[in-house]
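The values are calculated or read from the model by the stated rules, or taken from the named source; none is laboratory data. What you are looking at is a predicted structure, and each value in this text was computed from that prediction instead of being measured. So basically every Cβ, Gly included, is an ideal-geometry build from the backbone, and we count neighbours across all protein chains shown.
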Amino acid sequence: MLLPHLDWKSSKPISLQIQEQIREHLERRSLRVGERLPSTRHLAEALGIHRSTVALAYQELWAQGWIDQRPGSAPRVRARLAQMKSVTVSKKRSFDWEALASPAAKEALGAHRELARNAHREGFINFASLHMDPRLFPVEEFRACLTKAMKKGGESLLTYGDRQGFRPLREFLARRMALHGVETSAEEILITNGSQQGLDLLLRMVAQPGRSIAVESPTYSLFLPLIRLKGLKPLEIPYGEDGMDLSILEEVLKRHRPSLVYTMPNFQNPTGRSASQANREGLLDLCAHHGVPILEDGFEEEMKYFGRVIPPIKAMDRRGLVAYCGSFSKVLFAGVRVGWIVAPVPCIEQLLALRHFSEIMPTMIPHAALHEFCERGLYDLHISRMHRTYRKRMQVALRALKQHVQPEWAQWEEPKGGYLIWLNLKAPGRRKPDWERLFEEQGLQVSPGNLYSPSRNHPSWVRLSISLLDESQIEEGVHRLAAALKQLHEKGAR
Ligand SMILES: Cc1ncc(COP(=O)(O)O)c(C=O)c1O
């Protein structure tokens, strides 16, 4: 082995210079597996440095797996896995992870890949994603709250903290829920890692072969793989203009007695519809009668910017039948990963135990920062700004649709808030177009309706989301949409 060349003027420590140069030899394989390196004494003498400097370099190479060291003998080059890259692993010989995955896991991977298509593509107008517009994030305000929270909380935020979630934030959330008519307390609240974790925990709690979950059809696409991953069966209940079809639900409750009824009464994903007060009451009565609890997803509770506010079903729950999932993701930002469940204490205790065994506890830092943010009144301020912004954006979208899209091309309803418009597309002939592809050709991303029901029975619907787009992008998007539909119908007429 050539002696390492030492640069005494460099600020890089000598041991690091030795280590890097030997590693280069190893990477280039000018030193072979099993070959001996000079002993620390020999190399130190040859370089005129102290033995401990060489020992430090060898120690690091050993820790990285490049050499073997035994007391009393010179180090040797090790057969490191990374060095064996040249042994190409043939597809036949490599372990088959795909075969190992369960059918439900494979299905989840398929859904995951399908949803990955919602990611923004250069030059496209993205009506597919339900992510919030980062241009509206109150970044500076949140940064100040994070700093303040760390100053206040110090080490208490860095240790295993409150497994149910930062208590002051739970107290804030209890007061916030009271504004929506829900009487609750910090004891009945579990802070989750986004509301998705809340949904997952509730399904985990009831998971048992042979059990089922009643879902709206269409419903939230990321809920369906979760149901199957737990070995549960989804039972579809059509979701109409007024809410869930209660006569079909009644039949299903009688016949199958599902473990939970999953519902999104406000700005339902994907339809953007909201259930009427009468429908909510009817749903609660039916479930109470059959003793089946409700999983209420209030993911956009705060985003009512048109018309009268209708309280969540949880606000009418006098029997502890409703487990409510809330989230900061769709009004503030999703990156803090904070959601919450409001449910009776026995349910919360059960969920807490389940989470304990998968992630021990949530991270307190975002909870404390959010609490600071909310207590300073910044959350209320932000909500007002979001209402002003999205009221306008939604008006622009609805106006543009009315102006440019003819009723024989597509139909839609006007949502009372949120970000979603559910578009029913009409084809000119009998042939069913590939709607997603058709819009892609015009530089437009939309979310296909079939993603939203287990039986994939919404092939001529698409979900439009305006969450990421400003007014001019929305106008441009609707123009592209109308152009695609016009072209299709003109071709059909020929
Ligand atoms: C209906 C619905 N519920 C729950 C969630 C999960 O949101 P998060 O985990 O970010 O709170 C989403 C996310 O898009 C959603 O659309």
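Can you name the residue in region 203-229 that is in a loop (DSSP other than H, G, I, E, B) and within 18 Å of residue 453 (Cβ to Cβ) and, of all such residues, is nearest to the ligand (Cβ to nearest atom)? Steps first, please.
Of all residues in region 203-229, those in a loop (DSSP other than H, G, I, E, B) come to 207-211, 218-223.
Filter once more, keeping what is within 18 Å of residue 453 (Cβ to Cβ): 218-223.
Values: 218: 11, 219: 8, 220: 4, 221: 8, 222: 6, 223: 7 Å.
Checking each candidate, the answer is 220.
Residues being assigned to a helix (DSSP H, G or I) and closer than 17 Å to residue 339 by Cβ: count how many of those fall in region 176-187. Walk me through it before giving the result.
Of the residues in region 176-187, the ones assigned to a helix (DSSP H, G or I) are 176-179, 186-187.
Cutting the leftovers down to closer than 17 Å to residue 339 by Cβ gives us 176-177, 186.
Adding up the residues that qualify gives 3.
For region 178-234, which positions are of a type outside the set (A, V, I, L, M, F, W, C) and in contact with a His (Cβ under 9 Å, 6 or more places away or on another chain)? Can you show your working first?
Narrowing region 178-234 to residues of a type outside the set (A, V, I, L, M, F, W, C): 180-181, 183-185, 187-188, 192-198, 200, 204, 208-212, 216-221, 225, 228, 230-231, 233-234.
212, 217, 218, 225, 233 - these are the residues of region 178-234 that are of a type outside the set (A, V, I, L, M, F, W, C) and in contact with a His (Cβ under 9 Å, 6 or more places away or on another chain).
Filter region 307-327 down to the residues that are within 16 Å of the ligand (Cβ to nearest atom) and more than 25 Å from residue 193 (Cβ to Cβ) and list them by number.
None; the set is empty.
What is the number of the single condition among (1) in a helix (DSSP H, G or I); (2) within 14 Å of residue 214 (Cβ to Cβ); (3) in contact with a strand residue (DSSP E or B) (Cβ under 7 Å, 6 or more places away or on another chain) that residue 286 does not meet?
Of (1) in a helix (DSSP H, G or I); (2) within 14 Å of residue 214 (Cβ to Cβ); (3) in contact with a strand residue (DSSP E or B) (Cβ under 7 Å, 6 or more places away or on another chain), only one is false for residue 286: (3).
So residue 93 passes all but one of these: (1) over 15 Å from the mean Cα position of the chain (by Cα); (2) modelled with pLDDT of 90 or more. Which condition number does it fail?
(2)
Could you identify the single residue in 126, 118 that is touching a His at 6+ places or on another chain (Cβ under 6 Å), of a type outside the set (Lys, Arg), more than 20 Å from residue 360 (Cα to Cα) and assigned by TED's automatic domain parsing to the domain that holds residue 422?
126
If I ask for residues that are outside any strand (DSSP E or B) and either modelled with pLDDT under 95 or among the small types (Gly, Ala, Ser) (or both), which ones from region 337-348 would you list?
Of everything in region 337-348, just one residue is outside any strand (DSSP E or B) and either modelled with pLDDT under 95 or among the small types (Gly, Ala, Ser) (or both), namely 343.
When you go through 444, 485 one by one, which is the residue that is surrounded by 17 or more Cβ atoms within 10 Å (Cβ to Cβ) and either more than 23 Å from residue 132 (Cβ to Cβ) or without any contact (Cβ under 8 Å) to a residue 40 or more places away in the chain (or both)?
After ruling out the rest, the residue left standing is 485.
Kindly indicate which of 155, 183 is away from the ligand (no atom under 16 Å from the Cβ), of a type in the set (Asp, Glu), over 18 Å from residue 302 (Cα atoms) and surrounded by fewer than 23 Cβ atoms within 10 Å (Cβ to Cβ).
155
Read through the list (1) without any contact (Cβ under 8 Å) to a residue 40 or more places away in the chain; (2) surrounded by fewer than 17 Cβ atoms within 10 Å (Cβ to Cβ); (3) farther than 26 Å from residue 171 by Cβ, then give the number of the only condition that residue 392 fails.
(1)
Checking residue 120 against (1) touching a helix residue (DSSP H, G or I) at 6+ places or on another chain (Cβ under 6 Å); (2) closer than 20 Å to residue 464 by Cβ, only one condition comes out false. Which one?
The number of the failed condition is (1).
Might you check whether a residue that is away from the ligand (no atom under 15 Å from the Cβ), under 25 Å from residue 213 (Cβ atoms) and in a loop (DSSP other than H, G, I, E, B) occurs anywhere in region 328-336?
As a first pass, look at region 328-336 and keep what is away from the ligand (no atom under 15 Å from the Cβ): none.
Within region 328-336, none of the residues are away from the ligand (no atom under 15 Å from the Cβ), under 25 Å from residue 213 (Cβ atoms) and in a loop (DSSP other than H, G, I, E, B).
Select, from 281, 300, 241, the only residue that is part of a loop (DSSP other than H, G, I, E, B) and either more than 26 Å from the chain's Cα centre (by Cα) or away from the ligand (no atom under 16 Å from the Cβ) (or both).
Residue meeting the stated conditions: 241.
Check every one of the helices (runs of 4 or more DSSP H) wholly within region 376-494 and list those with 1 or more residues that are at pLDDT below 95.
Working: elements: 378-404, 435-440, 471-493.
Passing ranges, in order: 435-440, 471-493.
Please find, among 343, 369, 400, the residue that is outside the structural domain of residue 154 (by TED's automatic domain parsing) and crowded, with 19+ Cβ neighbours inside 10 Å. Explain how you work it out, then say what you get.
Details: 343 fails: outside the structural domain of residue 154 (by TED's automatic domain parsing); 369 fails: outside the structural domain of residue 154 (by TED's automatic domain parsing).
So the residue among 343, 369, 400 that is outside the structural domain of residue 154 (by TED's automatic domain parsing) and crowded, with 19+ Cβ neighbours inside 10 Å is 400.
Which condition breaks for residue 235 when tested against (1) away from the ligand (no atom under 16 Å from the Cβ); (2) under 22 Å from residue 109 (Cβ atoms)?
Here residue 235 meets the rest and fails (2).
Residue 259 versus (1) among the hydroxyl-bearing types (Ser, Thr, Tyr); (2) buried (at least 17 other Cβ atoms within 10 Å of the Cβ); (3) over 30 Å from residue 461 (Cα atoms); (4) away from the ligand (no atom under 14 Å from the Cβ): which is the lone unmet condition?
It is condition (3) that residue 259 fails.
Being assigned by TED's automatic domain parsing to the domain that holds residue 312 and within 21 Å of residue 411 (Cα to Cα) narrows it down to one of 291, 240, so name that one. Quick ask: steps written out before the conclusion?
Numbers: 291 fails: within 21 Å of residue 411 (Cα to Cα).
Testing whether each residue is assigned by TED's automatic domain parsing to the domain that holds residue 312 and within 21 Å of residue 411 (Cα to Cα) leaves just 240.
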